[in-house]
Amino acid sequence: MIKPLLSVLIFLTQIFHSGLVQGDIVDSLSALFKSANSKEISKSFSPSVELTINEEEDVYTKAQAEQILRDFFTKNAPVNSAVVHLINTNPNYRFGILSLTTKTGKFRVAITLKKTANTFFITELRVEPDK
């Protein structure tokens, strides 16, 4: 009696856990954007990141991208961040759009993540004024 229940419980736990994990990285990043934590956000950067902030676009190293993001947060102190859109149907790819409200205005943040060695890394980050 206990073995079949235990098997069912483990199976259900794996199904629910895998469904929850899919959104966790984008949800976590949203919380980090709200707290303006560029250091923690940069831990999710790939070694090189395509970064666009206010129409300035280039490929940067992890350290350079962190500094640019820190400068953005200094000029635009976040008040709130919310996940607006999430694509998590591919196990090796995530895409999320955040609505970032700052003291200077609203921004749309698009985050592209790719999985490498069982970890998602940000390969592209776009921060644009919300229209």
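Just so you know, all these numbers are worked out from the coordinates, no wet-lab data involved. Predicted model, so just to flag it, every value in this text is computed and none were measured. Neighbour counts run over all protein chains shown; Cβ positions are idealised from the backbone, glycine included.
Pop out the Kirkwood hydrodynamic radius of the stretch 28-89 from its pairwise C-alpha distances, inverse of mean 1/r, in Å to one decimal.
Numbers: mean 1/r = 0.0810 Å⁻¹.
That comes to 12.3 Å for the stretch 28-89.
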Fewest-first ranking of SER48, SER38, using other Cβ atoms within 10 Å as the exposure measure: SER48, SER38
